[in-house]
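Heads up, the thing below is written out as structure tokens.
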């Protein structure tokens, strides 16, 4: 009786095992990402190209549907809207510090996108049914601002809370679309996504007063951010001698 019970248990246990090599399985994965980004629309008027870094938490079902929470921090030094400091500049374009000399002031792009997305993996190409063309859509939040660094702190208007009057802090709801190739290795060595992501932010300036115009900016913005991104995944499923399985 004990032998029969053990045989039934082993049989059921074996049937529950699913190899990633020949079966679409469900599992969780975490990732880190790096990419190149550029702004378009109103965002393109303010910033040029830059980088993006972040990560995500992914769930993939046995039917290759994906649910993913993603965060990306974008940055750069291509600030096109440098007129935000025009009220502090002389006719030569210098900003004079308390010591009577021109101050070293640098402008940078800073922002983030945080989204939740639903997608689908189409196993047209790849080493197994869990890999292929990945399409995803979602929504979340976009925020960006101009980061101002005045090295020697010689300009009182750019110190502490006063700096917020020039940084053009902007945020709002964003849509997200993703198209790329999703790869999950048979042997857990290479698990990545490479593709293009586009965000359309419906944003507004959130400062009650912008010192360059001495007024608020209530207009609706359309901030478009396009990324070429490489995401590296770390799947969370169990290992057997030659394959990886989900139970």
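Its Cα gyration tensor gives the chain an equivalent ellipsoid; the semi-axes, largest first and in whole Å, are 51, 17, 15.
Calculated mean residue ellipticity at 222 nm for the chain: -2500 deg cm²/dmol, from DSSP H runs with n ≥ 4 weighted as -39500 (n - 2.57), summed, divided by the residue count and rounded to 500.
Overall shape: prolate for segment 132-247, with the ratio a/c of the largest to smallest alpha carbon gyration tensor axis at 1.5 or above and a/b above b/c. As a rough footprinting exposure proxy, the listed residues 79, 196 were ranked by other beta carbons within 10 Å of their own, and the order from fewest upward is 196, 79.
Normalised size of segment 9-150, defined as Cα radius of gyration per 2.2 N^0.38 Å with N residues, equals 1.64. When the label point is put 7 Å from the Cα of residue 67 along its Cα-to-beta-carbon vector, which residues of segment 115-138 have a backbone N closer than 15 Å? Output list for this probe position: 116-120, 137-138.
What FRET efficiency do you get for residue 220 and residue 157 if R0 is 41 Å and r is their Cβ-Cβ distance, rounded to the nearest 0.05?
0.90
Largest GNM mean-square fluctuation across 80, 117, 98, computed for the chain with C-alpha springs under 10 Å, falls on 98.
The slack between residue 232 and residue 96, meaning 0.36 nm per residue of separation minus the straight C-alpha distance, is 44.3 nm. For the chain, the relative contact order is 22 percent, taking Cα pairs closer than 8 Å that sit 6 or more residues apart in sequence and dividing their mean separation by the residue count. Were the residues from residue 89 through residue 28 laid out at 0.36 nm apart, the gain over their Cα-Cα distance would be 16.7 nm.
With neighbours defined as other Cβ atoms within 10 Å of a residue's Cβ, the residues 145, 120, 60 order from fewest to most as 120, 145, 60.
Bear in mind these aren't lab numbers, they're just calculated from the coordinates by the rules spelled out. Values in this document were obtained by computation on a predicted structure and should not be read as measured data. Please note: Cβ atoms are built from the backbone with ideal geometry, for glycine as well, and neighbour counts cover all protein chains shown.
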